[in-house]
C-alpha cells in the first residue's frame, strides 16, 4: 500500500500497490504491519457497508467523541463518491480544515480518517456503495455530527446534495464545546 499524506495532519489517502500479470492483479487492501510501521490506528473492530441509491446523496459529517472516537478507512466499491474529512482536534495545526478526494472502484483509493476527524461524502453516481473499516464500535451516546454546509468549515462540494437524512440536515454549526468535548 502507498500512504499519501493529505494536507491535514495525520490523514492519508491510500493507494494499492498492484502486482499484476495476465490474470489481473493482487494487492493488499489492509496490512496491520504497514499501519504499525507508520504508527497508525489499526485495530479494526467493525466493517460497515453503505449503499446510496441516488446521485447527490450526502452522508455526514459524522464522528464519535472520546473515549469512543474512531478511525475509519473508507473505500468506494461501486459507483463514485467525493469523500470529505474535517480535522476537529483543537490541538492540531490543521484544526477546522477540510480535505476531499474522489473515491471510485477504478482508482481504488481509500481515505484514512484519524480519530478526531469528521467524515462525510456525497455520491457522484447512482447506486454508490462504500466500505468502511472502523476501529471502534458504534456508540450513539458519543456520536456527533457537523452540518455539511457549515460556513465556519467551508467545504466545497463538487455537486449540490439532493438527498440528506433528517438527522444530517439538523446537525448544528460548529461549536467547540459540542463538537470537540466529551
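The values are calculated or read from the model by the stated rules, or taken from the named source; none is laboratory data. Nothing here was measured: the structure is a model prediction, and the numbers come from that model. Counting neighbours? That spans all protein chains shown, and the Cβs are built from the backbone with ideal geometry, glycine included.
What the table below lists for this structure:
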{"quantity": "The listed residue being surrounded by 20 or more Cβ atoms within 10 Å (Cβ to Cβ), touching a helix residue (DSSP H, G or I) at 6+ places or on another chain (Cβ under 7 Å) and modelled with pLDDT of 95 or more, out of 103, 88", "calculated": "88"}
{"quantity": "Options 63, 35: the member that is surrounded by 13 or more Cβ atoms within 10 Å (Cβ to Cβ) and either assigned to a helix (DSSP H, G or I) or free of Cβ contacts under 8 Å to residues at least 60 places away in the same chain (or both)", "calculated": "35"}
{"quantity": "Residue list for the stretch 10-26, filter: surrounded by 15 or more Cβ atoms within 10 Å (Cβ to Cβ) and over 30 Å from residue 165 (Cβ atoms)", "calculated": "15, 16"}
{"quantity": "Filter result for residue 73 (within 15 Å of the chain's Cα centre (by Cα) and either closer than 18 Å to residue 109 by Cα or surrounded by fewer than 20 Cβ atoms within 10 Å (Cβ to Cβ) (or both))", "calculated": "yes"}
{"quantity": "The stretch 74-99 residues that are more than 20 Å from residue 174 (Cβ to Cβ), paired with ones that are modelled with pLDDT under 95 and surrounded by 23 or more Cβ atoms within 10 Å (Cβ to Cβ) (beta carbon under 8 Å, 6 or more apart)", "calculated": "none"}
{"quantity": "Strands (runs of 3 or more DSSP E) within the stretch 113-152 that include 3 or more residues under 12 Å from residue 84 (Cα atoms)", "calculated": "117-123"}
{"quantity": "Residues located in the stretch 42-60, provided they are surrounded by 20 or more Cβ atoms within 10 Å (Cβ to Cβ) and either in contact with a helix residue (DSSP H, G or I) (Cβ under 9 Å, 6 or more places away or on another chain) or outside any strand (DSSP E or B) (or both)", "calculated": "58, 59, 60"}
